[in-house]
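These notes concern the structure reproduced below.
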Amino acid sequence: MRCPFCSHEDSQVKDSRPSEDGNAIRRRRQCEGCGARFTTFERVQLRELTVVKSEGRREAFDRTKLERSIAIACRKRPIASERIERLVSDIQRQIETSGESEIAAKHVGEMVMTGLKALDSVAYIRFASVYKDFTEAKDFEDFAGAVSEAGSS
């Protein structure tokens, strides 16, 4: 494993244990070049996944990108990072077990929307504003009104 600090090729594993959700192995490593310590995570990947964008472009599924977009929607909300991690893992697992090697970006977005709706209504609206490309305040009002009505029924 390459050191993120000095780019030395070798590091030594100092500690290894399952992650919080049990879906990964957390490893503490020490660089043999500079002595710096860093953490890596090892996850099972069932198959290579490709995301098909709306314009037809294809790109490799990127778990980090998914985590980042969900974290942005949840920023400054009282949501534990473990819950966000669990949501990301659940979405990735659903995609991997679907049996398909390609998935439409729209479908991934819908999975995130479903997960955020159950997690936090503000994060749900934030994500929707980007996903559904809100262009004016009225879009927020309409969507928030629909969310509010659905929550009171």
If you check every pair at least six apart or on different chains, which have Cβ atoms under 6 Å apart with a residue in the stretch 50-69 that is over 23 Å from residue 89 (Cβ atoms) and touching a residue at least 12 places away in the same chain (Cβ under 8 Å) first and a residue that is of a type outside the set (Ser, Thr, Tyr) and in a strand (DSSP E or B) second?
-> 58/52
State whether one or more residues within the stretch 132-145 are under 18 Å from residue 53 (Cα atoms) and in contact with a Phe, Trp or Tyr (Cβ under 9 Å, 6 or more places away or on another chain).
-> yes
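Would you check if there is a residue in the stretch 54-66 being assigned by TED's automatic domain parsing to the domain that holds residue 7, surrounded by fewer than 18 Cβ atoms within 10 Å (Cβ to Cβ) and on the phi > 0 side of the Ramachandran plot?
No: the stretch 54-66 contains no residue that is assigned by TED's automatic domain parsing to the domain that holds residue 7, surrounded by fewer than 18 Cβ atoms within 10 Å (Cβ to Cβ) and on the phi > 0 side of the Ramachandran plot.
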If you go through 72, 79, 84, the only one that is β-branched (Val, Ile, Thr) and touching a helix residue (DSSP H, G or I) at 6+ places or on another chain (Cβ under 6 Å) is 84
Would a scan of the stretch 116-130 turn up a residue that is closer than 18 Å to residue 23 by Cα, part of a helix (DSSP H, G or I) and free of Cβ contacts under 8 Å to residues at least 40 places away in the same chain?
-> no
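The values are calculated or read from the model by the stated rules, or taken from the named source; none is laboratory data. Just so it is clear, the structure is predicted and the values come from calculations on it, not from any experiment. So basically every Cβ, Gly included, is an ideal-geometry build from the backbone, and we count neighbours across all protein chains shown.
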